[in-house]
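Below is one structure, written out as structure tokens, with a few remarks after it.
The values are calculated or read from the model by the stated rules, or taken from the named source; none is laboratory data. The shown structure was predicted, so the numbers you read here are calculated from the model rather than taken from an experiment. Note that each Cβ is placed from the backbone with ideal geometry, even for glycine, and that neighbours are counted across all protein chains shown. These accessible areas exclude ligands, DNA and RNA; they are computed on the full protein's heavy atoms, side chains included. Shrake-Rupley method; radii C 1.70, N 1.55, O 1.52, S 1.80 Å.
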Amino acid sequence: MEKLVNLFHRGDISSSMKSTKPLISIVTPCFNEELNVLNCAEELKTVMEEKCSGYDYEHIFVDNASTDSTYETLKAIALTDPRVKVILNSRNIGPFRNMWHGLKNTSGDAVIPLLPADLQDPPDVIPEFITLWEKGHLVVHGVRSNRKEFFLMRIARSTYYRIIRKFADVDIPLDAGEFMLIDRRIAESILSLDDQYPYIRGLVAQCGARSGFVQYDWRERKFGKSRNSLLDLIDYAVNGFVSTSKIPARLALLAGFFLSGVGIIGAFATSVIFLVNRGQVAVGVPTAIVAIFFFAGIQLLFLGLIGEYVLSIHGQVRKSPPMFELARINFDKKDLKETLDEN
């Protein structure tokens, strides 16, 4: 610690932050990842120093108000490596908003919005990202060609990706997430939006920029387990669906017209039968029950669908109190001095 203090007072650390090399910004949002953050920082450091020596980088960890020792571990890492930057949120704002907040604090010529702390998306793919970026691709998607996870979950994810691509207003690559490289111009374009629940891969796709693709194996977690519950995954999926497509609402409208037409035709046919049979219409109770439940179910489905769009609008219009930062490390000389003083 004394050595770090001396380095700080001599200006060695602050000067080491300055570089004439192109800068790559990598964001790692995290929540209760005390077992993974050190390994994540070390693996990225090895990749960048050995395979991307022509580039400088900043590794921004955004701690989503962890309840374990994640922040303390990150602080220790940042004190020994000025390229590791840390933000501590005042509360848990969820992974997508957390990633978005990290993206706002990047300054690189190119940005990787997500390098997960558990390294299921491997950092050794990053040199391939950079190579394609150098060739003029403003967006380089990481495509998970092989997922090392439970079979049913793999099928569910694959099905979702295909559904959202089918219905989205833009072309969203299959099996691609936020582990991608985007040019600074793309980052500034999407950050210009005031989005309260950003679906980053959808926003990047809407930019319509020239894209490249790198395939890789999605690895298993080495330590700990994912903090995302099934309900969280469903929420993320619905947000992605609603934010990228108007087609579900249009389908509800068309289906409403169709079913209304069927009802009118049925009523007309019943009237004709009533007149032909002189007031006797053979309509059984089971038929009536089935019809009632069918149309009631359709109505509830469409109301729920429209409700999701209304909730999305509600979230944009009626904002909650904003999250604020409790601490920042290595973003400037003042941040580092305060951290050193704490220790």
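In the range 297-343, which residues are polar (S, T, N, Q), closer than 25 Å to S90 by Cα and either at pLDDT 70 or above or loosely packed, with under 15 Cβ neighbours inside 10 Å (or both)?
Passing the criteria: Q316, S320, N330, N343.
Looking at the range 98-132 only, could you name the residues that are open to solvent by 40 Å² or more (accessible area, probe 1.4 Å), within 19 Å of E50 (Cβ to Cβ) and not β-branched (V, I, T)? If the condition is that a residue be open to solvent by 40 Å² or more (accessible area, probe 1.4 Å), within 19 Å of E50 (Cβ to Cβ) and not β-branched (V, I, T), then D124, E128 are the ones that fit.
Taken residue by residue, the range 147-170 has at least one member that is within 18 Å of Q206 (Cβ to Cβ) and of a type in the set (S, T, Y).
Filtering the range 17-75 to residues that are at pLDDT 95 or above, under 17 Å from E325 (Cβ atoms), hydroxyl-bearing (S, T, Y) and under 20 Å from the mean Cα position of the chain (by Cα) leaves only T28.
Considering only residues that are of a type in the set (A, V, I, L, M, F, W, C) and modelled with pLDDT under 85, look in the range 171-208 and name the one that is nearest to G102 (Cα to Cα).
Here the residue is I172.
This table checks each residue for (1) open to solvent by less than 40 Å² (accessible area, probe 1.4 Å); (2) free of Cβ contacts under 8 Å to residues at least 60 places away in the same chain; (3) of a type outside the set (D, E, K, R).
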{"position": "K21", "(1), (2), (3)": "no, yes, no"}
{"position": "I24", "(1), (2), (3)": "yes, no, yes"}
{"position": "C30", "(1), (2), (3)": "yes, no, yes"}
{"position": "M48", "(1), (2), (3)": "yes, no, yes"}
{"position": "D56", "(1), (2), (3)": "yes, yes, no"}
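Within the range 58-92, track down each residue that is hydrophobic (A, V, I, L, M, F, W, C), closer than 25 Å to I234 by Cα and surrounded by fewer than 21 Cβ atoms within 10 Å (Cβ to Cβ). Within the range 58-92, just A65 meets the criteria.
Among the residues of the range 193-210, just one is under 23 Å from V310 (Cα atoms) and small (G, A, S), namely G202. Considering only the range 181-216, state which residues are among the aliphatic types (A, V, I, L, M) and either under 17 Å from N105 (Cα atoms) or surrounded by fewer than 16 Cβ atoms within 10 Å (Cβ to Cβ) (or both). Scanning the range 181-216 gives L181, I182, I186, A187, I190, L191, L193, I200, A209.
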